[in-house]
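Only the coordinates and a few stated rules stand behind these numbers; no lab work does. Since the structure is predicted, the reported quantities are computational estimates derived from the model, not experimental observations. Cβ: placed from backbone, ideal geometry, glycine included. Neighbour counts: every protein chain shown.
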Amino acid sequence: MNTEAVGRAYGPHEPYEVTRVKIREFADAVDAYSFAHRSEEAARAEGYADVVAPTTFAVVIAQQAEFHVVTDPEVGVDFSRVVHADERFTHHRPIVAGDLITTTVHVDAISQRGGISMVTTRTELVDADGAPVSTVRSTLAVREEA
Amino acid sequence: MTAENRPSFEGLEVGEVVASRTVELNRDTLVRYAGASGDFNPIHYNDVVAESVGLPGVIAHGMLTMGTAASVVEEWSGPGNVVDYQTRFSRPIPVPNPGAATVAITAKVGALDAEARTARIDIAVEFDGQKVLGKAQAVVVCA
């Protein structure tokens, strides 16, 4: 992998529209039982403007952005040798249905040690007003060819 | 933003278990998560591909494990109240076919910040007697 790619940024990309249907589908997939993921009325009763996303929903949006890094030939990630090493979400506010989210992904670090390369990306999610929504940090480990 | 559904900070004690759940992951669960998340890496549904890259077979998405663990925390904290959530993926969870992988999730109070009124929830996720997530921590804003 090319360590000179550190500091590179991709985006902003085309906005992602958060829908009630997608939030419900994701909530079903991770066994998040709250009605606030499924009913506007239940979400309002808990103080949200609309159906609210589960904690890790931001990955749906962030992984699309990270794909731009993984597929950049100048970064040099062999996707068939990738393992997810770590993940972190920092939420500046909850994501709700109706949000239009725009992403920019930054290559924060690339390191190489003992046949394993690690690439850390940071994806910044902002809303239609440009206000921060979530920061998603992800590290992929790539095993070098033997 | 309102605080109408936040858990109470008063009375929380470090070490206290706030929620726990046992989850069965099977191939259906994995396909459902692939569709919902958009992560269609074939190592999560195709044994031939998984074995060709040195895995014992199909494994669960790390993000499925992380997301399901968050749902256990949320059962106590209410939705929308986790402001920070991190983990390392220490071990893969092989998912048999037919059958299921049984995963035990326990969320307990790891630290309390009285000034910020936040609780750090430490989550243990075990499969086959071993932890599959490292340093899984969720920071929850409380009332």
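Identify the GluC sites (Glu not before Pro) of region A:1-95 meeting these criteria: DSSP loop state and at most 14 other C-beta atoms within 10 Å of the C-beta.
Answer in residue order: A:Glu74.
Label sites at B:Arg120 and B:Thr22, each approximated as a point 7 angstrom past Cα along Cα to Cβ, lie 3.0 nm apart.
With only Lys, Arg, Asp and Glu charged, each at its Cβ (+1 for the first two, -1 for the last two), find how big the charge dipole of the protein assembly as shown is about the Cα centre; round to the nearest 20 debye. Provide the component values of the computation, followed by the final result.
Working: 24 positive and 40 negative charges, 86 e Å.
Rounded to the nearest 20 debye, it is 420 debye.
Ordered by the count of other Cβ atoms within 10 Å of each Cβ, fewest first, A:Thr135, B:Thr65 give A:Thr135, B:Thr65. Largest GNM mean-square fluctuation across B:Gly11, B:Gly38, B:Gly54, computed for chain B with C-alpha springs under 10 Å, falls on B:Gly11. Ranking A:Ala32, A:His84, A:Ala9 by how far each Cα lies toward the positive end of the dipole of region A:1-85 (charges on Cβ) leaves A:Ala32 at the top. Largest mean-square fluctuation among B:Leu30, B:Leu133, B:Leu55, in a Gaussian network model of chain B whose springs join Cα atoms under 10 Å apart, belongs to B:Leu55. The dipole here belongs to region B:24-114: it is taken about the Cα centre, uses +1 on the Cβ of Lys and Arg and -1 on the Cβ of Asp and Glu, and is about 140 debye. With contacts defined as alpha carbon pairs under 8 Å and 6 or more residues apart, what's the relative contact order of chain B in percent? Here the relative contact order equals 32 percent. Ranked for footprinting exposure by Cβ neighbours inside 10 Å, fewest first, A:Ser39, A:Ser134, A:Ser34 give A:Ser39, A:Ser34, A:Ser134.
A straight line joining the Cα centroids of region A:53-86 and region B:25-50 runs 16 Å.
Placing +1 on each Lys and Arg Cβ and -1 on each Asp and Glu Cβ, with no other charges, gives chain A a dipole about its Cα centre of roughly 280 debye. Relative to the longest principal axis of the Cα atoms of chain A, the long axis of helix A:20-29 makes an angle of roughly 60 degrees. Shown for A:Asp108, B:Asp28: other C-beta atoms within 10 Å of each C-beta, ranked fewest to most, produce the order B:Asp28, A:Asp108.
Please give me, ordered by residue number, the GluC sites (Glu not before Pro) of region B:41-143 that lie in loop per DSSP and have at most 14 other Cβ atoms within 10 Å.
Qualifying residues, ordered by number: B:Glu115.
Taking Cα atoms only, the orientation of helix B:27-37 departs from the longest principal axis of chain B by about 60 degrees.
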